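Here is the structure we will look at.
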Amino acid sequence: MEETSAWLNDNAVQLAAEGLHEEAIASLRKGLLSDSHNPVLWFNLALSCRAIGRLPEAREALLHAAEENPLDVDTLDTLGVVLHETGEDSAAEECYQNALELSPGNGRVWNNYGVLQFSQSRFEEAAQSFEKAVTLIPDFDDALYNLRDTYEELGRSDDMNTCARILEQRGFIPD
């Protein structure tokens with residue numbers, strides 16, 4: 001059987017699902033040798049690198065993925081997350097804004113953007129982002145949890161308690 005870039009990608013996805021990220025990375029790098037302009041290979045490489053804490057490599061892979069497919073919302077969102085994790089908050093914010101310009105109804109991006117805003121003590125903006133995330137994805141417990149914490153920071157105890165009550169009813173236990 002010929003190891004095409006598609007096969008190598010599928011193999012890497014399976015390896016990553018099993019937690020074998022080093023092996024997934026090797027498979028993806030092999031695929032990139034013959035298909036260096038494949039944004040899916042770059043994106044999946046970034047996911048495995050991030051999963052094992054190799055953030056600079058994840059960042060670099062995501063930049064390649066974004067260069068190859070600049071309109072991919074998942075790539076922009078994930079790049080925003082990695083940039084925030086590496087302390088590049090201005091660039092992360094730009095990624096989230098670009099992703100939201102392409103997909104304003106993406107609750108996951110709104111949540112991640114809210115996390116960035118919260119970390120910068122921009123609590124009013126964070127509350128708006130988390131509210132949009134929860135409106136778009138009503139059962140998004142992580143966003144509701146983030147919203148609860150934001151309401152606490154804003155002193156909005158009634159709203160905070162409402163969020164807490166819903167989370168308790170759902171049996172949500174944060175990591």
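Determine if segment 124-138 includes at least one residue that is open to solvent by 50 Å² or more (accessible area, probe 1.4 Å), closer than 24 Å to V73 by Cα and of a type in the set (S, T, N, Q). First the steps, then the outcome.
Step one: filter segment 124-138 for residues open to solvent by 50 Å² or more (accessible area, probe 1.4 Å), giving 124-125, 128, 131-132, 135-138.
Subsequent filtering for residues that are closer than 24 Å to V73 by Cα retains 125, 128, 131-132, 135-138.
Okay, now just the ones that are also of a type in the set (S, T, N, Q), so 128, 135.
Yes; the residues of segment 124-138 include at least one that is open to solvent by 50 Å² or more (accessible area, probe 1.4 Å), closer than 24 Å to V73 by Cα and of a type in the set (S, T, N, Q).
Can you name the residue in segment 11-23 that is within 21 Å of the chain's Cα centre (by Cα) and acidic (D, E) and is also farthest from E57 (Cα to Cα) among such residues?
If we take residues in segment 11-23 being within 21 Å of the chain's Cα centre (by Cα) and acidic (D, E), then E18 is farthest from E57 (Cα to Cα).
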Segment 152-175, subset hydrophobic (A, V, I, L, M, F, W, C) and not in a helix (DSSP H, G or I), residue surrounded by the most Cβ atoms within 10 Å (Cβ to Cβ): F172
Only one of L62, L47, L83, L71 that is over 23 Å from S5 (Cα atoms), out of contact with any Pro (no Cβ under 8 Å at 6 or more places or on another chain) and of a type in the set (A, V, I, L, M, F, W, C): L83
Complete set of residues in segment 101-121 that are among the hydroxyl-bearing types (S, T, Y) and in a helix (DSSP H, G or I): Y113, S119
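For L32, are the conditions met, namely being more than 17 Å from the chain's Cα centre (by Cα) and without any contact (Cβ under 8 Å) to a residue 12 or more places away in the chain?
Working: more than 17 Å from the chain's Cα centre (by Cα): yes; without any contact (Cβ under 8 Å) to a residue 12 or more places away in the chain: no.
Against the criterion (more than 17 Å from the chain's Cα centre (by Cα) and without any contact (Cβ under 8 Å) to a residue 12 or more places away in the chain), L32 does not qualify.
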Hits in segment 101-123 - residues which are open to solvent by 60 Å² or more (accessible area, probe 1.4 Å), of a type in the set (D, E, K, R) and without any contact (Cβ under 8 Å) to a residue 12 or more places away in the chain: E101
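The values are calculated or read from the model by the stated rules, or taken from the named source; none is laboratory data. This structure is a prediction, so every number in the text was calculated from the model and none was measured. Heads up, the Cβs are rebuilt from the backbone with ideal geometry, glycines too, and the neighbour counts pull from every protein chain shown. These accessible areas exclude ligands, DNA and RNA; they are computed on the full protein's heavy atoms, side chains included. Shrake-Rupley method; radii C 1.70, N 1.55, O 1.52, S 1.80 Å.
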